[in-house]
Amino acid sequence: MDSIAANSNAPTPAEDAAGETVDITGIMQAIPHRYPFLLIDRVIGLVHDKTCVGVKNVTINEPFFQGHFPNHPVMPGVLIIESMAQTAAVLVVETLGPDARGKVVYFMSIERAKFRRPVVPGDQLLVRCDKERRRGNVWRIQAVARVDGAVCAEATVTAMLRDRAEPI
């Protein structure tokens, strides 16, 4: 069994909630994603340069449920990974504050991705991102997604902060 899934010292939802919050408006100021690809609704427990928790309320109205396992709706694993990357990006931008203005966080790699249980409509996905290290503009972040305290997915995300490209 993986150490994250087996760790009895895993944070409780109350511990995840300690720290700052970022509402949907703040998230949209921090990252460029928009509906239908904005995959976090709120950030809780933000501790700059350390950790944060992205909240995704999964509903049957999500556009991907129309084609992903019709009659048995399951959130695609790749979108769970994307919610991890978006939560990590908010951690980076909020940590850097004004130094991140005019920049965007680009997803570079995903390592050790594991999926433990399906995420279905009605679930509230909590994505905890913990900074492992930062070297210059490259960040390495450990991410764990949970529903009702049970690990759904985990991965190591690497991202880079770069100047925002000019519109085409």
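Each value in this text was obtained by applying a stated rule to the coordinates, not by laboratory testing. Note that the structure is a prediction, hence the values are computed from the model and not measured. Using ideal geometry, Cβ is built from the backbone for each residue, glycine included, and neighbour counts are taken over all protein chains shown.
Structure summary
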item: Sequence-distant residues sharing a close amide H with Thr51 (under 5 Å, placed H); result: Lys131
item: Sum of -39500 (n - 2.57) over DSSP H runs of 4+, divided by residues of the chain (222 nm, nearest 500); result: -6000 deg cm²/dmol
item: Relative contact order of segment 3-163, defined on C-alpha pairs under 8 angstrom at six or more residues apart (%); result: 23 percent
item: Rg/Rg_ref, segment 47-126, where Rg_ref = 2.2 N^0.38 Å and atoms are Cα; result: 1.28
item: Ordering of 113-122, 66-75, 39-48 by burial proxy (mean other Cβ atoms within 10 Å per residue, highest first); result: 39-48, 113-122, 66-75
item: Dipole magnitude (debye, nearest 20) for segment 31-127, charges at Cβ of Lys, Arg, Asp, Glu; result: 140 debye
item: Residue-span extension gain [Lys114 to Asn57] - 0.36 nm each, minus C-alpha spacing; result: 18.4 nm
item: Added length on full extension, which subtracts the Cα-Cα distance from 0.36 nm per residue, Arg34 to Arg133; result: 32.8 nm
item: Listed residue (Ile31, Ile60, Val43) projecting farthest to the positive dipole end of the chain, Cβ model; result: Ile31
item: Shape category assigned to segment 127-168 from the gyration tensor of Cα positions, a/c cut at 1.5; result: oblate
item: Solution diffusion estimate, µm²/s, Stokes-Einstein, the chain, Kirkwood Rh from C-alpha pairs, 25 °C, viscosity 0.890 mPa s; result: 152 µm²/s
